[in-house]
C-alpha cells in the first residue's frame, strides 16, 4: 500500500537529488516503485491478471479474510496476493512479461534515468557506475521490468516470493544480507518511502524524494464491482458493509419477514441478492452525491480517498448487476413457484424511484435535504417490502429503524458542523417500543406475543447494549438526592 507523505530529515527536491547522484563517488542504491518506476510493480503485476473480475473478487476476498495475519502481518500481504494470483491465474506471469516493455516506456522516471545514464557514461567502468536496484518488490516481477528499462546489467536486491522473512524484516536486512553492511554504509540511497528510514539512517548519503509524476495505482482499479466505491471512497476503513448494512439494514429485512417465509433458507439467500441489487443502485447515488458536492458545494464533505484513489464508477454496469441480482433474488424468494411479471415491475420501480430520489436529493439545497433524507432512509429500510411481505411488528421495526437514522441527520442539518454523537441504537429501541405499544393498544397486545416481536426486541436491546450500559448507572432520582 502507498505510504503517507511524512517529512524526514533526508527530504529534498528531485533537482537537488539529481545533482548529488551524478557527482556521487560510490555505490548508488535506487528504489524502484514510485521512484525509478513511477508506479507500483506489484500492483501492476496483479493488474495483469485475467479474467479481471474474478481476479478482483479474489483481491477483495483476501482483504476481508486477511490471511497475512497469520504470517507476520501487513508486511506479508503482497506475498499472499501475488502467490494466489500466480497459482489461480498462472498465465499472469506471461502477460506481465508481455506488458513490461510498454510499462517501461511510459512509466520510467526519465529525469532520474537520464541522471543515472550520465553517471554510467562518465564512469571508468560500467560495473562501478551501474545503480543497484534495491526494492521490496518481488524478484520475479521486477527483474523483467528492470531489464525492459535498459538496466539489464544492474544488480537487483528484491524480496523473494517464497521467503516471508524478506518482507517481515524489511529492506535494510535484505540489502545487508545481499550486499554486506560495509557496502551499505558507503552507499547513496535514493527512495521515496518512509518505510526505508532505517536504511537511510545507516547509509552514507540518504536521499528521500517524492517525485511529482509518481503515483500509486491500485491493481484492477478500473474493474467495476458493487461496494467498492462505498468501502474505498465513501466510507473508507469503516467496514461499512458489515456494520452498516448487514448488521443493520439486512438484519431488519430478515427479522421482519422471515416468519412469513415458507422456505427460510431460500428466503435468506433471496434477501441477500435483493440487498445486492438495491445497494448497487444506492451506491450510484453516493457516487453522484460526491461528484455534485465536489462540483457545486463550497465546503464539500469528501473523504481524502475521493481524489487520491481511483475506483471504477461506470454508468450502466451497476444496472446490469442490479438487474441480474434482482432476478436471482425474485426466483429464490418465490421458489418453488416462479416470479410473476408484477414482481419484476415492482422491483424495477423501486430501483428507479430510489435512484431518482437520490439524484434529486443531491441537487437540492441543504435545508430541503432534511426532508428528502427521510425518503432515502425509508428506501434503505423498507425497499424490499415491495416484493416481500412483512409482519405487522416487523413493519413497526422498519419504521423505528428509518426514524432513528433520520434523527441524527436532522440535528446535523439544523446547525451541527459535524455528524452528531447521538445514541442511535437507544433511539431506535425507544421508537420500536413506542410503536409496538401503539400497535398493542390498537390491535390487541396479544398480537405482540410472537416470536418475531420478541426477536426484534431482543435484537434492538442487543444492539443498544453499550448505550444502555452507559445510561442506566447515570440515572438518578431527584427526590432521593442527598441535601
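Derivation of every value follows stated rules applied to the coordinates shown; laboratory data play no part. It should be emphasised that the depicted structure is a prediction, and the values quoted were computed from it without experimental measurement. We place every Cβ from the backbone using ideal geometry, glycine too, and count neighbours over all the protein chains shown.
Data table
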| quantity | calculated |
| --- | --- |
| Tilt relative to the chain, helix 92-107 - C-alpha long axis, 0 to 90 degrees, to 10 | 70 |
| Calculated Rg and Dmax of region 228-478 using C-alpha coordinates, Å | 19.2, 62 |
| Contour excess over end-to-end distance, with Cα ends at residue 165 and residue 299 and 0.36 nm allotted per residue | 43.6 nm |
| Helix-only [θ]222 nm of the chain, DSSP H runs n ≥ 4, -39500 (n - 2.57) each, per residue, nearest 500 | -18000 deg cm²/dmol |
| Among 202-213, 447-458, 380-391, 468-479, the order from most to least packed when residues are scored by Cβ within 10 Å on average | 380-391, 202-213, 447-458, 468-479 |
| 222, 31 arranged by Cβ crowding within 10 Å, fewest neighbours leading | 222, 31 |
| Considering only the chain, percent of DSSP beta bridges that pair antiparallel, nearest 5 | 5 |
| Ranked by how many other beta carbons lie within 10 Å on average, peptides 392-401, 57-66, 243-252 from highest | 392-401, 243-252, 57-66 |
| Order of 71, 136 - criterion: other Cβ atoms within 10 Å of each residue's Cβ, fewest first | 71, 136 |
| Whole-number percent relative contact order across region 228-478, with pairs defined as alpha carbons under 8 Å at least 6 apart | 22 |
| Order of 437, 350 - criterion: other Cβ atoms within 10 Å of each residue's Cβ, fewest first | 437, 350 |
| Global geometry of region 344-388, whether rounded, prolate or oblate, following the gyration tensor of its Cα atoms and the 1.5 cut on a/c | oblate |
| Relative contact order [Cα under 8 Å, 6+ residues apart], the chain, whole percent | 15 |
| Two-site label geometry, residue 83 and residue 479: point separation in nm, points 7 Å out along Cα→Cβ | 7.0 |
| Packing-based order for 33-39, 318-324, using average beta carbon neighbours within 10 Å, highest first | 33-39, 318-324 |
| Principal-axis tilt of helix 366-382 within the chain, Cα atoms, nearest 10 degrees | 80 |
| Against the rule of thumb 2.2 N^0.38 Å, how large the Cα Rg of region 22-104 comes out | 1.33 |
| Contact order relative to length of region 14-208, as percent, for alpha carbon pairs under 8 angstrom and 6 or more apart | 29 |
| Modelled FRET efficiency - R0 41 Å, residue 210 with residue 266, Cβ distances, 0.05 increments | 0.15 |
| Convex hull volume per residue for region 14-208, taking Cα atoms only, in Å³ | 113 |
| Between 0 and 90°, nearest 10: helix 341-362 axis offset from the chain longest Cα axis | 70 |
| Inter-site label distance for residue 185 and residue 247 at 7 Å from Cα along Cβ, in nm | 5.3 |
